[in-house]
Structure formats: structure tokens, C-alpha cells
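Here the structure comes first, spelled out in C-alpha cells, and everything after it is commentary.
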Amino acid sequence: MYVIDGDTVVVNGEHIRLLAIDAPELHGKCRSEKTSAYQAKGFVQGVLATNRFWIVRKGTGKYSCTLTNLWTGNKTLSEFLLNTDLARKYAGDRKPWGR
């Protein structure tokens, strides 16, 4: 498993994009976004390294990524990210991350 960023991981060679969230980009335009992106990536790495998880596939999205919910316990990884303010709900368009 490899974590690309807060909303994209690779599991057994399959690129997986978490549904319904937008996480900051590692190559973002401002320092705040980059800092948040590394925090989100680290959080995802920690959760997936220390918890059992399973994949619920929902289709294929942009760039041929598999759209999924990654579940651990009784929550999705997306819910964990939203609850810790490391991601926001995806509304169909990208918005600046300046805080």
C-alpha cells in the first residue's frame, strides 16, 4: 500500500480515490495547503498502517482511479478526514485552501 495524498492511495497496484471528499494537494499553490496536505497524508498513512480496512468500490472516476469508500471499524476513512478537518466535502469543483 502507498498513500499518494489525503484522498488517493494505491493498494495492490490499484489507484483508489476516496469518495465525497477533497483533501489539500501536496503541490498546492500556497504554503498552508501544502502543510495541510502533508498532515492529511500522514494521517491516512497512520490509520491504514494501524487498522484493518476494507474497500467498497463504487466505480471508476477521472484518471481511471477506482472510486471507493475505505472502511475501518464503523466509519469510512473519508469520515475520519472530515471529522479532523483534514479534508472537506467534495462539491464537484476545486476551491482554494487558504485558511
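Computed from the coordinates by the stated procedures, all read-outs in this text should not be read as laboratory data. Predicted model, so just to flag it, every value in this text is computed and none were measured. Here the Cβ is made from the backbone with ideal geometry for all residues, glycine too, and neighbour counts use every protein chain on show.
Return the only residue of Thr50, Thr60 being farther than 14 Å from Val3 by Cβ, loosely packed, with under 13 Cβ neighbours inside 10 Å and not charged (D, E, K, R). Working first, answer last.
Values: Thr50 fails: farther than 14 Å from Val3 by Cβ.
Residue meeting the stated conditions: Thr60.
Scan the stretch 13-22 and tell me whether some residue there is on the phi > 0 side of the Ramachandran plot, of a type in the set (A, V, I, L, M), part of a loop (DSSP other than H, G, I, E, B) and touching a residue at least 40 places away in the same chain (Cβ under 8 Å).
Here is the first cut: in the stretch 13-22, the ones on the phi > 0 side of the Ramachandran plot are 13, 20.
Next cut, of a type in the set (A, V, I, L, M) only: 20.
From the residues that got through so far, the ones that are part of a loop (DSSP other than H, G, I, E, B) too are 20.
Right, trim to touching a residue at least 40 places away in the same chain (Cβ under 8 Å) and you get 20.
Yes, some residue in the stretch 13-22 is on the phi > 0 side of the Ramachandran plot, of a type in the set (A, V, I, L, M), part of a loop (DSSP other than H, G, I, E, B) and touching a residue at least 40 places away in the same chain (Cβ under 8 Å).
Please specify each residue of the stretch 60-70 satisfying the condition of being within 12 Å of Ile16 (Cβ to Cβ) and either outside any loop (DSSP other than H, G, I, E, B) or without any contact (Cβ under 8 Å) to a residue 24 or more places away in the chain (or both).
Within the stretch 60-70, the subset within 12 Å of Ile16 (Cβ to Cβ) is 60-61, 63-70.
Those that are within 12 Å of Ile16 (Cβ to Cβ) and either outside any loop (DSSP other than H, G, I, E, B) or without any contact (Cβ under 8 Å) to a residue 24 or more places away in the chain (or both): Thr60, Tyr63, Ser64, Thr66, Leu67, Thr68, Asn69, Leu70.
Can you tell me which residue among Lys41, Lys34 is touching a His at 6+ places or on another chain (Cβ under 8 Å), under 22 Å from Lys95 (Cα atoms) and either surrounded by 14 or more Cβ atoms within 10 Å (Cβ to Cβ) or free of Cβ contacts under 8 Å to residues at least 40 places away in the same chain (or both)? Give the derivation first.
Details: Lys41 fails: touching a His at 6+ places or on another chain (Cβ under 8 Å).
Exactly one of Lys41, Lys34 is touching a His at 6+ places or on another chain (Cβ under 8 Å), under 22 Å from Lys95 (Cα atoms) and either surrounded by 14 or more Cβ atoms within 10 Å (Cβ to Cβ) or free of Cβ contacts under 8 Å to residues at least 40 places away in the same chain (or both), namely Lys34.
Could you list, ordered by first residue, the pairs with Cβ atoms under 9 Å in which the first is in the stretch 71-92 and without any contact (Cβ under 8 Å) to a residue 12 or more places away in the chain and the second is hydroxyl-bearing (Ser, Thr, Tyr) and in a helix (DSSP H, G or I), at least 6 apart or interchain?
Final answer for the pair search is Asp85/Ser36.
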